[in-house]
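S.K.: Pasting a structure here, questions to come.
No lab work stands behind these numbers, since they all come straight from the coordinates. Since this is a predicted model, take the numbers as computed values, not measurements. Positions of Cβ are generated from backbone atoms using ideal geometry, with glycine treated the same way; all protein chains shown enter the neighbour counts.
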Amino acid sequence: MRLFTPGPTPIPPEVQTAMSQPLLYHKSSEFEELMRSVVQGLQYVFSTKQLVLPLSSSATGTAEAVISSVHKAGETVLVLNNGRFAGRWRTMLELFGIKVINEDIQWGESPSAEQLEKLLLLHTNINAVWIVHCETSTGAVANIKDLIKTIRLHSDALVCVDGVSSVGAIECKMDEWGIDVLISCSQKALMTPPGLGLVSLSERAWIEVERKKPTSYYFDLLRIRTAVEKNKGVFTPAIGLIMGLNASLNYITNVGLAQVFARHLVVATIIRTGMKDCNLPLLARYPSNSLTVIKINDSIEIIRRLKHEFGVIVADGQDSFSGNSMRIGHLGYIFEDDALYFVDCMKKLLL
């Protein structure tokens, strides 16, 4: 079976080998050295000098850690809501008593700087803006760099970015672009099994964390930061996953981020061109190099046939696009030959 899902993604042999080694004791000097290596690798991938915190949770748990640590009830937060995952962050923010200005954007579209400027001029009391870099439900990518420039012209709001399907696959420069909170996870472009959430905060965001009383024990980012500063895990960390993540980060560092991004572009181009040859339109106006979402009738039957006839696993569309779209993941440990194989399978089914 070949995974072409938006996550989890295929795992390199180096990661499988690392995770098959005997577990380290999480209070040992060996584990401290492992954590030091992992944090350094994550800083490279996140393009930041700030600490990147590994949490034993999914990215959703990490988002909850951010909301419970950074925000407080009564604050006003703008959510640029262009898909299922942006909608999830809206729901979570509201659960914590935060006033959400929800800007609904049609699925498949990306937020624009002009649209954002109008919102910031209309709402002058915004404490933070939540943006999804790559919306995994549609494959739409946002121009984070330009959006942040617009925010900085009109507001001091924190910029919180969902980089779950972008970090490690497409350019995402936390420090240079001015991202205040950047969230990702292990099972996408970082090519490790699910179970680790990852987050980095700017100095401005940490000031907000330090000002407020924690509202979560397990997800207290100050507690987690204190542990990671000492190269330790808070509570009992997911040791095996951290061992695997270290191998993946070593792989990415040795190859170089520029080459990793270039490979994702090549793979995405092959798949998008192949889908065009099959007369299958893309859902996203501005598609990401992380995944391709196509409009296709009877997608559930096509997905079934791909699995049983070719050993290819892809994902159905989400919400109202279930049954009439297909989400093709091509991030992480996927190469040109994999993309060509996928396109060939689709052409045999459809042409």
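S.K.: Roughly how many whole Å is it from the C-alpha centroid of the range 62-121 to that of the range 166-183?
M.R.: Cα centres, the range 62-121 to the range 166-183: 18 Å.
S.K.: Over the range 119-171, what is the relative contact order in whole percent, taking alpha-carbon pairs under 8 Å and six or more residues apart?
M.R.: Values: 54 pairs, mean separation 25.1, N = 53.
After rounding, I find 47 percent.
S.K.: To continue, here is another question. Could you give P(r) for the range 1-156, binned at 5 Å from zero, as whole percent values over all Cα-Cα pairs?
M.R.: Pairs per bin, as whole percents: 1, 8, 13, 15, 18, 15, 10, 8, 6, 3, 1, 0.
S.K.: Still on this model: Could you work out the Rg to Rh ratio of the range 13-253, with Rh taken as the Kirkwood radius (inverse of the mean 1/r over all Cα pairs)? Could you put the intermediate results ahead of the total?
M.R.: Details: Rg = 17.5 Å, Rh = 18.0 Å.
Over the Cα atoms of the range 13-253, Rg/Rh equals 0.97.
S.K.: Another question, then. Given points 7 Å out from each Cα along the Cα-Cβ axis, report the residue 254 to residue 99 separation in nanometres with one decimal.
M.R.: It works out to 5.4 nm between the two label points.
S.K.: Alpha carbon centre of the range 189-232 versus the range 244-288: separation in Å?
M.R.: Between the Cα centres of the range 189-232 and the range 244-288 lies a distance of 28 Å.
S.K.: What relative contact order, as a whole-number percentage, does the range 13-253 give when Cα pairs under 8 Å and 6 or more residues apart are counted?
M.R.: Values: 464 pairs, mean separation 72.5, N = 241.
Dividing the mean separation by the residue count of the range 13-253 yields 30 percent.
S.K.: Taking only the alpha-carbon positions of the range 157-298 and ignoring solvent, what does the Debye formula give for the base-10 log of I(q)/I(0) at q = 0.16, 0.18 Å⁻¹?
M.R.: -1.01, -1.16
S.K.: Per DSSP helix of 4 or more residues, -39500 (n - 2.57); summed, then divided by the residues of the chain. What does that give at 222 nm, rounded to the nearest 500?
M.R.: On the way: 13 runs with 157 residues, N = 351.
Result for the chain, helices only: -14000 deg cm²/dmol.
S.K.: Which Cα, out of 326, 243, 273, lies furthest along the positive dipole direction of the range 204-351 (beta carbon charges, K/R +1, D/E -1)?
M.R.: So the residue we want is 243.
S.K.: Still on this structure, I have one more. Under a Cβ-only charge scheme (Lys and Arg +1, Asp and Glu -1), can you give me the dipole magnitude of the range 13-253 about the Cα centre, in debye to the nearest 20? Write out the running numbers ahead of the final one.
M.R.: Values: 22 positive and 25 negative charges, 105 e Å.
So the dipole magnitude of the range 13-253 works out to roughly 500 debye.
S.K.: Rounded to a whole number, what is D in µm²/s for the range 112-196 from Stokes-Einstein with the Kirkwood radius over alpha-carbon pairs (4 °C, 1.567 mPa s)?
M.R.: Working: Rh = 13.5 Å.
Taking Rh from Cα pairs, D becomes 96 µm²/s.
S.K.: List the residue ranges in the chain for DSSP H helices whose C-alpha atoms run 15 angstrom or more along the long axis and whose Kyte-Doolittle average is 0.5 or above. Don't jump to the answer; show the numbers that get you there.
M.R.: Details: long enough: 29-46 (25 Å, 0.13); 59-70 (16 Å, 0.95); 84-95 (17 Å, -0.41); 144-154 (16 Å, 0.13); 239-255 (24 Å, 1.10); 257-277 (30 Å, 0.69); 299-310 (16 Å, -0.32); 336-350 (21 Å, 0.10).
Counting only whole DSSP H runs, the qualifying helices are 59-70, 239-255, 257-277.
S.K.: Simple spin-label model, 7 Å along Cα-to-Cβ: residue 1 to residue 17 in nm?
M.R.: 2.6
S.K.: Hey, could you get me the Stokes-Einstein D for the range 84-135, Kirkwood radius over alpha-carbon pairs, 10 °C and 1.306 mPa s, rounded to whole µm² s⁻¹? Write down the numbers at each step before the final one.
M.R.: Numbers: Rh = 12.1 Å.
D = 132 µm²/s.
S.K.: If you take the charge dipole of the range 13-253 about its Cα centre, with +1 on Lys and Arg Cβ and -1 on Asp and Glu Cβ, which of 158, 73, 124 is farthest toward its positive end?
M.R.: Checked the options; the winner is 73.
S.K.: Taking a threshold of 19 Å on the Cα-Cα distance, which of the pairs 49/212; 118/149; 276/347; 145/295; 27/230; 145/173 fall above it?
M.R.: 49/212; 145/295
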